Amino acid sequence: MRTVDMENKENGSLDVKNSVENGRPPDPADWAVIDVVNYFRTAGFEEQASAFQEQEIDGKSLLLMTRNDVLTGLSLKLGPALKIYEYHVKPLQTQHLKNNSL
């Protein structure tokens, strides 16, 4: 089994290396709902992670989310929602596109 090297950065984002953590596949498109939930719990968004579970957001859905989806569709407080989108959703989308455009 592979492991993931996740490093907390000062801005609260995680530096995710291409490997597996807690059985979670490296490509977010392959994540199940519980993988998404665990990702946000690991990132320090314990309270907000349940919103992803309630809305059944899996990896494919996560990669399709817009800023507006995160800010309004999950009924999260604005501060955490902004951090989740800017430091997690957007970088995961960018990395996924970069990895799949080679």
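The values are calculated or read from the model by the stated rules, or taken from the named source; none is laboratory data. Source: prediction; values computed, not measured. Counting neighbours? That spans all protein chains shown, and the Cβs are built from the backbone with ideal geometry, glycine included.
Here are a few things to note about the model shown:
- Residue count, the range 64-100 (criterion: surrounded by 19 or more Cβ atoms within 10 Å (Cβ to Cβ) and either closer than 14 Å to Asp27 by Cβ or in contact with a strand residue (DSSP E or B) (Cβ under 9 Å, 6 or more places away or on another chain) (or both)): 2
- Pairs, first within 18 Å of Ile57 (Cα to Cα) and of a type in the set (D, E, K, R) in the range 89-102, second at pLDDT below 95 and surrounded by fewer than 16 Cβ atoms within 10 Å (Cβ to Cβ), C-beta under 9 Å, six or more apart: none
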